[in-house]
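**Student:** Mind looking over this structure? Questions follow.
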Amino acid sequence: MLTRVAGKLPCVAVAVAAALALTACGSDTGKDEQDTAGKPSAPAGSFPVTVDHKYGSTEIKKTPKKVVTLGLSDQDAVLSLGVKPVGTVDWFKEKPYGKWPWTKKLWGSDTPQIVGERDEYNMEKIAGLKPDLIIAQYSGMKKEQYETLKKIAPVVAQPKGHQDYMAPWQVMTRQIGKSLGREADAEKKITDISARFKAVRDKHPEFAKQTLTVADSFEAGKYSAFTKGDPKAIFFSELGFKLKPEIDKLAKPGWNVAELSAEKLDVLDADRLVWVTSSTQANDRIKAEPFYKKLKVSQDKRDLFVPYEGPDIGAAFSFNTVLSIPYAIDEILPLLTAKN
């Protein structure tokens with residue numbers, strides 16, 4: 001239940017694959033936001049629209065009714081704008097619909113068809129759904145796949161100017177909003193989420209004085225630290241924490257993780273260290289590692305072990321979407337501010 005990107009795979013942890021609000025700030029808006037998240041406040045904008053992306057630009061001639069999403073978290077922003085995708089990909093055998101607390105209500109009893117796993121798409125299934133729009137934002141879709149898919153329906157590929165899986169949630173939300181003719185709604189959601197992050201920073205100015213690292217470990221002796229372009233690192237940065245530039249220097253080009261051996265765990269030493277883990281057994285294994293025990297962050301108990309699911313805290317800030325962020329904020333703040 002972890003998150004890591006091997007090569008071009010997304011950084012969202014998953015136990016099944018073995019391995020992706022402010023109540024504490026005095027706000028009670030979380031429930032209201034989730035209740036209205038899938039209800040657009042205004043009618044769809046005018047069409048046609050043209051959306052630029054990694055592989056060029058795509059013209060969408062009319063309001064999309066049947067949408068297929070091919071990115072790990074794309075369905076969240078689509079759902080938030082009042083559209084239920086007819087097809088999605090199943091990244092880690094998790095079923096991307098109805099599972100997460102921030103999307104259950106919006107999906108209701110509807111279930112999209114699974115049209116692939118990770119970045120492997122079943123073109124026949126996609127074509128069979130007769131979509132009028134295909135969205136692939138948080139994905140590693142290749143040019144050849146794009147060329148095939150655009151023969152089925154207009155395709156909005158990954159945002160240009162960003163490595164795969166490293167576009168900020170704001171950018172992906174805007175791309176999706178424009179594609180659906182819901183730019184104003186998308187901008188409103190971005191503004192609301194940004195305000196929630198700011199409220200946290202205002203209430204906890206101490207975060208800005210602290211350096212934080214995010215890590216996971218799938219197996220003994222192997223560890224991953226997330227770079228500044230990963231959704232998890234972005235989430236904590238927006239809460240106000242500083243990130244360690246050393247991690248980015250250690251990562252391979254195009255990767256959102258720096259892979260570490262036990263001997264290299266010293267790079268994780270920071271004011272705060274957040275582990276996204278799949279089980280208490282994994283936690284115990286990490287804590288028992290002799291090199292880890294030497295870290296001051298471990299000795300001072302400034303490390304935090306967060307489950308990917310059950311509760312779904314790690315999944316929420318791994319997805320880092322307009323739907324999952326409020327849940328992530330509400331769940332992580334009490335853990336970050338708890339006294340040892």
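**Student:** Name the residues in segment 153-173 that are surrounded by 15 or more Cβ atoms within 10 Å (Cβ to Cβ) and touching a strand residue (DSSP E or B) at 6+ places or on another chain (Cβ under 7 Å), would you? First the steps, then the outcome.
**Tutor:** Within segment 153-173, the subset surrounded by 15 or more Cβ atoms within 10 Å (Cβ to Cβ) is 153-159, 162-173.
Result: 153, 154, 155, 156, 157, 158, 159, 165.
**Student:** Within segment 125-232, which helices (runs of 4 or more DSSP H) (wholly inside it) include 2 or more residues that are acidic (Asp, Glu)? Can you show your working first?
**Tutor:** Values: elements: 143-149, 169-180, 183-203.
It comes to 143-149, 183-203.
**Student:** Right, here's the next one. Among the residues of segment 281-312, how many are of a type in the set (Gly, Ala, Ser) and not in a helix (DSSP H, G or I)?
**Tutor:** Of the residues in segment 281-312, the ones of a type in the set (Gly, Ala, Ser) are 282, 288, 298, 310.
Among the residues that remain, those that are also not in a helix (DSSP H, G or I) are: 310.
Of the residues in that region, 1 qualify.
**Student:** Right, another one. Restricting to segment 140-189, what's the tally of residues that are closer than 20 Å to residue 60 by Cα and out of contact with any Ser or Thr (no Cβ under 7 Å at 6 or more places or on another chain)? Reasoning before the result, please.
**Tutor:** Step one: filter segment 140-189 for residues closer than 20 Å to residue 60 by Cα, giving 141, 143, 145-160, 171-187.
Cutting the leftovers down to out of contact with any Ser or Thr (no Cβ under 7 Å at 6 or more places or on another chain) gives us 141, 143, 145-153, 157, 159-160, 171-180, 182-184, 187.
Residues that pass the stated criteria total 28.
**Student:** Can you pull out the residues in segment 55-88 that are touching a Gly at 6+ places or on another chain (Cβ under 9 Å), hydroxyl-bearing (Ser, Thr, Tyr) and more than 26 Å from residue 232 (Cβ to Cβ)?
**Tutor:** Within segment 55-88, just 63 meets the criteria.
**Student:** From the set of residues in segment 175-189 that are among the hydrophobic types (A, V, I, L, M, F, W, C) and crowded, with 19+ Cβ neighbours inside 10 Å, which is farthest from residue 333 (Cα to Cα)? Spell out how you get there, then give the answer.
**Tutor:** Initially, segment 175-189 is screened for residues among the hydrophobic types (A, V, I, L, M, F, W, C), giving 176, 180, 184, 186.
Now narrow it down to the ones that are crowded, with 19+ Cβ neighbours inside 10 Å: 176, 180, 186.
Values: 176: 29, 180: 33, 186: 25 Å.
Only one residue fits best here, namely 180.
**Student:** Can I ask one more? Do we find that residue 233 is surrounded by fewer than 18 Cβ atoms within 10 Å (Cβ to Cβ) and among the aliphatic types (A, V, I, L, M) in this structure? Before the answer, list the steps.
**Tutor:** Numbers: surrounded by fewer than 18 Cβ atoms within 10 Å (Cβ to Cβ): no; among the aliphatic types (A, V, I, L, M): yes.
No; evaluated as a whole, the condition is false for this residue.
**Student:** Same structure again: Quickly run through segment 111-145 and pick out the residues that are of a type outside the set (A, V, I, L, M, F, W, C), touching a Leu at 6+ places or on another chain (Cβ under 9 Å) and within 13 Å of residue 155 (Cα to Cα).
**Tutor:** Hits for segment 111-145 are 137, 139, 145.
**Student:** Mind listing whichever residues of segment 233-260 are touching a helix residue (DSSP H, G or I) at 6+ places or on another chain (Cβ under 9 Å), more than 18 Å from residue 161 (Cα to Cα) and not in a helix (DSSP H, G or I)? Write out each step before concluding.
**Tutor:** Taking segment 233-260 as the starting set, the residues that turn out to be touching a helix residue (DSSP H, G or I) at 6+ places or on another chain (Cβ under 9 Å) are 233-236, 238-244, 246-247, 250, 256-260.
Within this subset, residues satisfying the condition of being more than 18 Å from residue 161 (Cα to Cα) are 233, 235-236, 238-244, 246-247, 250, 257-260.
Correct list: 239, 240, 241, 242, 243, 244, 257, 258, 259, 260.
**Student:** Select, from 26, 87, 56, the only residue that is out of contact with any Ser or Thr (no Cβ under 8 Å at 6 or more places or on another chain) and modelled with pLDDT of 95 or more. Can you show your working first?
**Tutor:** Working: 26 fails: modelled with pLDDT of 95 or more; 87 fails: out of contact with any Ser or Thr (no Cβ under 8 Å at 6 or more places or on another chain).
Within the list 26, 87, 56, the selection yields 56.
**Student:** Among the residues in segment 289-299, are any at positive phi and more than 24 Å from the chain's Cα centre (by Cα)? Let's see the steps before the verdict.
**Tutor:** Filtering segment 289-299 for residues at positive phi gives none.
No, because not a single residue in segment 289-299 is at positive phi and more than 24 Å from the chain's Cα centre (by Cα).
**Student:** Another question, if that's okay. What are the residues in segment 313-339 that are crowded, with 21+ Cβ neighbours inside 10 Å and not in a helix (DSSP H, G or I), if any?
**Tutor:** If the condition is that a residue be crowded, with 21+ Cβ neighbours inside 10 Å and not in a helix (DSSP H, G or I), then 320, 321, 322, 323 are the ones that fit.
To keep it simple, each residue is scored yes or no on (1) under 30 Å from residue 269 (Cβ atoms); (2) out of contact with any Gly (no Cβ under 7 Å at 6 or more places or on another chain).
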position	(1), (2)
153	no, yes
157	no, yes
168	yes, yes
171	no, yes
185	no, no
210	yes, yes
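The values are calculated or read from the model by the stated rules, or taken from the named source; none is laboratory data. The shown structure was predicted, so the numbers you read here are calculated from the model rather than taken from an experiment. In this analysis, Cβ positions are derived from the backbone assuming ideal geometry, glycine residues included, and neighbour counts consider all displayed protein chains.
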